[in-house]
1. Taking the condition of being modelled with pLDDT of 95 or more and either within 9 Å of DNA strand D (Cβ to nearest atom) or touching a strand residue (DSSP E or B) at 6+ places or on another chain (Cβ under 8 Å) (or both), how many residues in segment A:66-93 meet it?
2. Only one residue in A:52, A:69 is within 16 Å of DNA strand C (Cβ to nearest atom), in contact (Cβ under 8 Å) with a residue 40 or more places away in the chain and under 28 Å from residue B:147 (Cβ atoms). Which one?
3. If only one of B:142, B:96, B:180 is in contact (Cβ under 8 Å) with a residue 60 or more places away in the chain, under 30 Å from residue A:148 (Cα atoms) and not assigned by TED's automatic domain parsing to the domain that holds residue B:29, which one is it?
4. Among the residues of segment B:94-123, write down those that are assigned to a loop (DSSP other than H, G, I, E, B) and over 18 Å from residue B:139 (Cα atoms).
5. If I filter segment A:36-54 down to residues being near DNA strand D (Cβ under 6 Å from one of its atoms) and more than 26 Å from the chain's Cα centre (by Cα), which single residue comes out as surrounded by the most Cβ atoms within 10 Å (Cβ to Cβ)?
6. Would you confirm, using the coordinates I've provided, whether residue B:71 is crowded, with 16+ Cβ neighbours inside 10 Å and within 13 Å of residue B:156 (Cα to Cα)?
7. Conditions first: (1) part of a helix (DSSP H, G or I); (2) within 10 Å of DNA strand D (Cβ to nearest atom); (3) more than 10 Å from chain A (Cβ to nearest Cβ). Residue B:63 passes all but one, so which condition is the exception?
8. I need a count of the residues in segment A:10-53 that are outside any helix (DSSP H, G or I) and more than 14 Å from every other protein chain (Cβ to nearest Cβ).
DNA sequence: AAAATACATATTGCATACAAAGAGAATTCC
DNA sequence: GGAATTCTCTTTGTATGCAATATGTATTTT
């Protein structure tokens, strides 16, 4: 049995990760070493290493002699997001179709089943996390070490943006989210068939749907302000 | 005056970085915490944080309860490299042309002048490092936080591969490298003119030239084996 | 009274000491 | 003699204590 009890360091890493993805820790929030180490039951030394790792993956920003902060999402980074996402997503799904192993496809199907489930009876948090996991798996399928860093960085902010539009439950939104789930099924089919062109096109479709939701719900009056939290003092 | 004396931590970080880029530390080489901390005059705690940071950026791989290792370059990762590079490089240069500041353009020109200089009288090490810096600056110009992680990861292995073909000095190679320098000038011109289409095309040209060199000198008999070092025991 | 400076406090950065896990060698058992 | 096991030694992981840096407050000076 490999690793039945996860180390406190790992669980701390995971907990911070999901807290950031689900906006429980809002962009710009201050992360105090002392309180975090107390909360997760480890000393400051390993906690600092966790923060360094999270910084490398884009979850937090480190400032010299200052506390770590959850990475921001300003309008400039949103612009960057809109530029990079279709390209990277397309490439990842293309490669996923070419390289996916049967075991990975099985895991993707399981995750998609979970996604359908939480769409019906789960919280916004669950939906964002399971959707995030779905796309993470496609990244694992692609298995390109040079593309993965940017892909994972995109997934972070995609999940955080999603949190804002998985919440409302009006009819248009429900339809849009259901359509996303249908696209997931198509993506699985393309990957299973090894049809890389189809997978790449589906990535664009999936992204366009996502973009549409973002444009609609995140910036109703145009995108000027940071998302999630006021510019400073997010914890106060 | 900002930061006249770099901290031992920073210089350690920089030294390891350049040592890895220049293959002084070969892919797969073991990195011992004790000896490194002694070498750079800091304790193991900050050194471990440096290693974690380098791991996040793709310079080294960390193994649980085992030493850190310089990240490998096997034939599979080379395949990934050939797939990802043209796409990312094209996007970066396109964005660089759109967003470069005058100060950045000035720095790029200075770096290009240095590149010309080391082509004439520098070592392979100098050439790889200055060329690497040139492309790093284009990344800064693009300034897209989602594209940068993959771009920087590509630059690492590009520099390491370059080290193998900046060395020989036969006529064909010299011509190829000079052509690369000419392309740098064209890239600068396109960026200065804000011509993003031209910049994107030049990125492809530049990459094709680079790929040609790689195909010629790195894998004369086809690409089967890891680059640089034997699979294990690189320091022995 | 306003601004600048000095002081006090809180938080990060670093070093040392200790605990735990792995690798390798010697010994024992078959 | 070969293989497995135990023991030792090396190396990584964690905790604690101290030093350095930044922030906020109070005091002093103009």
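The values are calculated or read from the model by the stated rules, or taken from the named source; none is laboratory data. This is a predicted model, so every value here is computed, not measured. Every residue, glycine as well, gets a Cβ built from its backbone with ideal geometry; the counts of neighbours run over all protein chains shown.
1. Final tally of qualifying residues: 4.
2. Of the residues listed, the single one that is within 16 Å of DNA strand C (Cβ to nearest atom), in contact (Cβ under 8 Å) with a residue 40 or more places away in the chain and under 28 Å from residue B:147 (Cβ atoms) is A:69.
3. Working: B:142 fails: in contact (Cβ under 8 Å) with a residue 60 or more places away in the chain; B:180 fails: in contact (Cβ under 8 Å) with a residue 60 or more places away in the chain.
Matching residue, one of B:142, B:96, B:180: B:96.
4. Within segment B:94-123, the subset assigned to a loop (DSSP other than H, G, I, E, B) is B:100-101, B:122-123.
Those that are assigned to a loop (DSSP other than H, G, I, E, B) and over 18 Å from residue B:139 (Cα atoms): B:122, B:123.
5. At the first step, the residues of segment A:36-54 found to be near DNA strand D (Cβ under 6 Å from one of its atoms) are A:42-46.
Remaining after also requiring more than 26 Å from the chain's Cα centre (by Cα): A:42-45.
Numbers: A:42: 18, A:43: 11, A:44: 13, A:45: 12.
Across segment A:36-54, the extreme among qualifying residues is A:42.
6. Numbers: crowded, with 16+ Cβ neighbours inside 10 Å: yes; within 13 Å of residue B:156 (Cα to Cα): yes.
Judged against the criteria, residue B:71 is a match.
7. (1)
8. First, pick out the residues of segment A:10-53 that are outside any helix (DSSP H, G or I): A:22-32, A:41-43.
Applying the additional criterion that residues be more than 14 Å from every other protein chain (Cβ to nearest Cβ) yields A:22-26, A:28-32, A:41-42.
Number of matching residues: 12.
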